[in-house]
Structure formats: structure tokens, C-alpha cells
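Contents: one structure, followed by commentary.
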Amino acid sequence: MAQEIIRIEAIHKNYKVGLEIVRALRGVTIDINRNEYVALMGPSGSGKSTLMNILGCLDTPTSGQYYLNEKDVSKLRDNELAEIRNKEIGFVFQTFNLLPRSTALDNVALPLIYGGQTKSARRTRALEVLDQVGLSDRTHHKPNELSGGQRQRVAMARALVNNPSIILADEPTGNLDTKTSIEIMRLLQDIHDDGNTIILVTHEEDIAKHAHRIIRLRDGEVESDEKNTNIVTLEQTRMVGSE
């Protein structure tokens, strides 16, 4: 039986812009099971970025409940949300968000500092995940010494370093060329195959087709929530990447 990892119920999010109230989310209800691979899609203004921020515990809803691993996190204080983020969620951003003066190793080890691990333990774990993403030979390189794809791999290693429940990838291929995008999607498939839950936020149909389920938002509501019957497989990405 599938084990639920996320449940959001009747989530509303309102913003005040001047004298106007913007209703970014209007009663969104979604369940996501452990080890699912889900794509969130929608045009600009659909609410997908707002929903991503709530799922990532970067923001709280105006009303409704958000259960993460059966814990209601929808009304937690900022410091409690920060602790949840560090333990439960690994983030991969379009712009990489790496510290420019730090090496790949130090960038990846950073989340472990907040977990109170020793320097030796942080180094060992960071080396493990850098090897997992194929960058064991780039550990002492700084971001400006790495290609775009390598920087995104560092970001993915950093997302994995705390063994999170969820990998939340926000437009992870947005700044990459086609060949490098295929490599990153291949790596996300490998991470999913290893048992991670992945939530992929994208506006690109060909990227969303890697996911097993596609949720489309429009005007702050779920427009559709369907299984992907045309999944792009790891073998297909290998074939495209070798052309």
C-alpha cells in the first residue's frame, strides 16, 4: 500500500498588493505518496510558484492544512519551518544558489552544519553525494570553475546530503542547454529510482514528461491531476543524449 508523504487540504493563499487582495491559491487539495515523481505545471500566474513555496515550507498558507509525514506544518513558526526544511526537503533551483567563494565540497556540506554534524562527518557525507552525482573529481572547484551542468549537479548533491524525504526541483533545467538538461533529468530519474520523492516544477512539457504524474494549475486551482501515460524513460534519455 502506498504511503502518503504529503497531504494538503483546501489550501488558500492570499497576498495584499496595495489595496487589492490577490488570491494566489484557491482551495488546492493534493495528496502525494512516498517515492512518487510528480510534475507541477501551469502558466505564469497559475499559482505553481506559490504552491511550491508552501510545499517547501518557505511560506505558510492563509488557510487550509499541510501535512508532511503526518505532521501539520501549515501553522508552524519560521524557526520550526527552517528545521523542517533542513531535515525533510532538498531544494534544487534554476539559478543553482551556490556560494561563489566556496568549493563544491563546502557548498554541499553546508546544510550539515545546521544539523550539528562534525567537520569530519560533513566531509565524508558530502564526498559520498558528490560521487553519487558524478563529481568526485570536482570537489575542490569553485562554481566559476564549473560548467552549468556541473553547478546544477553540485546543487543536486547539496539537496541530497541530508537524506531528505522530498527533492523539490524548481525549473532545474531552465538555465541549461538541451544536452545538459537531458543529463540533469537522467540524474533526477536515478535519484527517484533510489527511492526519493521528487516534485518537479516546470513550464516545459518535454521536461514534465519525465514525471509519473502531472498536476496542472490554473488561476490558483488544480485544473487536472493525471498519471503520465507517456513517461520519458532513462533509456530514452540515453538514446537522445548519444545522438
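The values are calculated or read from the model by the stated rules, or taken from the named source; none is laboratory data. Quantities reported herein were computed from a predicted structural model and do not represent experimental measurements. Counting neighbours? That spans all protein chains shown, and the Cβs are built from the backbone with ideal geometry, glycine included.
The combined condition, being part of a loop (DSSP other than H, G, I, E, B) and under 17 Å from the mean Cα position of the chain (by Cα), is fulfilled by LEU58. Contact annotation: residue pairs with Cβ atoms under 6 Å, 6 or more positions apart or on different chains, pairing a residue in region 154-179 that is within 23 Å of ALA126 (Cα to Cα) with a partner that is of a type in the set (Lys, Arg) and not in a loop (DSSP other than H, G, I, E, B), are VAL161/ARG125.
Close Cβ contacts (under 6 Å, 6 or more residues apart or on different chains) running from residues in region 55-71 that are in contact (Cβ under 8 Å) with a residue 60 or more places away in the chain to residues that are of a type in the set (A, V, I, L, M) and in a loop (DSSP other than H, G, I, E, B) comprise TYR66/VAL73. I'd like to check something: does region 73-86 contain any residue that is more than 22 Å from GLU128 (Cβ to Cβ) and part of a strand (DSSP E or B)? No; the residues of region 73-86 include none that is more than 22 Å from GLU128 (Cβ to Cβ) and part of a strand (DSSP E or B). Cβ-Cβ distances below 9 Å connect the following pairs, each with a first residue in region 8-19 that is under 16 Å from ASN53 (Cα atoms) and modelled with pLDDT under 95, a second residue that is of a type in the set (D, E, K, R) and surrounded by 13 or more Cβ atoms within 10 Å (Cβ to Cβ), and a separation of six or more residues or different chains: TYR15/ARG23. Considering each residue of region 65-80, count those that are surrounded by fewer than 18 Cβ atoms within 10 Å (Cβ to Cβ), under 20 Å from ARG7 (Cβ atoms) and of a type outside the set (Ser, Thr, Tyr), and give that number. Residues in region 65-80 being surrounded by fewer than 18 Cβ atoms within 10 Å (Cβ to Cβ), under 20 Å from ARG7 (Cβ atoms) and of a type outside the set (Ser, Thr, Tyr): 8 in total.
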